[in-house]
Amino acid sequence: MKKKIALIFGVTGQDGSYLTELLLKKKYIVHGVKRRSSLINTSRVDKFFYNNKQFKMHYGDVTDTASIFTLIKRIKPDEIYNLAAQSHVKVSFEIPLYTADVDALGSLRILEAIKLTNKKIKYYQASSSEMFGNSGKKIQDEKTKFNPQSVYGISKVFSFFVTKNYREAYSMYACNGILFNHESSRRGETFVTKKIVQGLVNIKKGKQKKLILGNLYSIRDWGHAKDFVFAMWKIMQMKKPDDYVISTNKQFSVKKFTELVAKKLDMKIIWKGKGLNEKGFVKNKEIISVNKKYFRPTDVNQLRGNFRKAKKQLKWTPKHDINYLIDEMLEIT
């Protein structure tokens, strides 16, 4: 039986590494795409690159139309997963043009290449809960209207609708996974969950004096990346392409997440003050403060996803809770 071939844009990221691991276990031949850089940024997938003949790495970029066409023609994939993105919401305010070029037009370039080379190729678009923004709904599902609050979210809305458009206009297998926040021990250090875990561990060890955070009251639906990439694969195995919310239906504030991590480190945090003056103390020593520079110009108050459709149609449910997630992150840090 011929092995399936998958092409992953954004393979060196957290999700790319877990997806590669999953697809290799399912006997796929996996081709990953990474941008050319003077720095080595393949640590998450090095074990596949060096130890598995079924995994191949290529240089490419979703901002480069020619490289996309060349890769698709050469590799002839059965499935394409577009995980490539400028994925930091706060940074999208600082480099909006680049964010839009990668996160919005990047998906269009891949879809157009599929249309012009082989419309039978299945396409997965990594959509985001940030598309909902401040939707006015306490829980978001596939029918909730989008109201993005960042260039990142706006770009992802474009990609969502262009994926849907190509599906309907050209009868292509093109689908969206609307993924809520998902973390792991492989998460980048600039993301708040990893920043909190690493910061508190360093403080506990005496290697860091203080953890500086932004909005303590941002509320998010946090799952595990391992569960979420399994959902990506399940979405691509359906007979008909469709769009799905992938979440845990549970939410925690940044402040609560910090407290959960601290508790596991036997650090009891006492909070004092309000707003920008709110601080966290352990044994009368200030270890946490708030800085306005970590706030977004426009912020999303709370996100919580309803994955009922995914549960019913994909037979998918999250297997790892937030305590498992924190334990894993602490073990690696």
Considering only residues that are within 20 Å of residue 224 (Cα to Cα) and among the small types (Gly, Ala, Ser), look in the range 1-50 and name the one that is modelled with the lowest pLDDT.
-> 43
If we keep just the residues of the range 58-77 that are assigned to a helix (DSSP H, G or I) and basic (Lys, Arg), which is nearest to residue 109 (Cα to Cα)?
-> 73
Criterion violated by residue 331 - all others in (1) within 24 Å of residue 178 (Cα to Cα); (2) in a helix (DSSP H, G or I); (3) of a type outside the set (Phe, Trp, Tyr); (4) at pLDDT below 95 satisfied = (1)
Restricting the first residue to the range 291-314 and requiring it to be among the acidic types (Asp, Glu), which pairs with a second residue that is loosely packed, with under 14 Cβ neighbours inside 10 Å and at pLDDT below 95 meet a Cβ separation below 7 Å and a spacing of at least six or different chains?
-> none
Please work out if residue 107 is farther than 18 Å from residue 30 by Cβ, of a type outside the set (A, V, I, L, M) and modelled with pLDDT of 95 or more.
-> yes
Do you know which residues across the range 300-327 are at pLDDT below 95 and in contact with a helix residue (DSSP H, G or I) (Cβ under 9 Å, 6 or more places away or on another chain)?
-> 300
Within the range 221-261, count every residue that is among the small types (Gly, Ala, Ser), surrounded by fewer than 24 Cβ atoms within 10 Å (Cβ to Cβ) and out of contact with any helix residue (DSSP H, G or I) (no Cβ under 7 Å at 6 or more places or on another chain).
-> 1
List the number of the failed condition for residue 165; all other conditions in (1) touching a residue at least 24 places away in the same chain (Cβ under 8 Å); (2) over 30 Å from residue 263 (Cα atoms); (3) not basic (Lys, Arg) hold.
-> (1)
Note on the range 127-178: residues crowded, with 19+ Cβ neighbours inside 10 Å, among the aliphatic types (A, V, I, L, M) and either closer than 18 Å to residue 246 by Cβ or out of contact with any helix residue (DSSP H, G or I) (no Cβ under 7 Å at 6 or more places or on another chain) (or both) are 131, 154, 157, 174, 178
Before we move on, is residue 317 under 21 Å from the mean Cα position of the chain (by Cα), of a type in the set (Ser, Thr, Tyr) and within 25 Å of residue 14 (Cα to Cα)?
-> yes
Name every residue in the range 288-328 that is of a type in the set (S, T, N, Q), under 20 Å from residue 246 (Cβ atoms) and either assigned to a loop (DSSP other than H, G, I, E, B) or in contact with a Phe, Trp or Tyr (Cβ under 8 Å, 6 or more places away or on another chain) (or both), in order of residue number.
-> 306, 313, 317
Output the residues belonging to the range 113-126 that are outside any loop (DSSP other than H, G, I, E, B) and either at positive phi or crowded, with 17+ Cβ neighbours inside 10 Å (or both).
-> 113, 114, 122, 123, 124, 125, 126
Do you know which residues across the range 208-220 are over 21 Å from the mean Cα position of the chain (by Cα) and surrounded by 18 or more Cβ atoms within 10 Å (Cβ to Cβ)?
-> 211
Where residue 175 falls short, out of the listed (1) in a strand (DSSP E or B); (2) within 15 Å of the chain's Cα centre (by Cα); (3) over 23 Å from residue 321 (Cα atoms) = (2)
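The values are calculated or read from the model by the stated rules, or taken from the named source; none is laboratory data. Just so it is clear, the structure is predicted and the values come from calculations on it, not from any experiment. Counting neighbours? That spans all protein chains shown, and the Cβs are built from the backbone with ideal geometry, glycine included.
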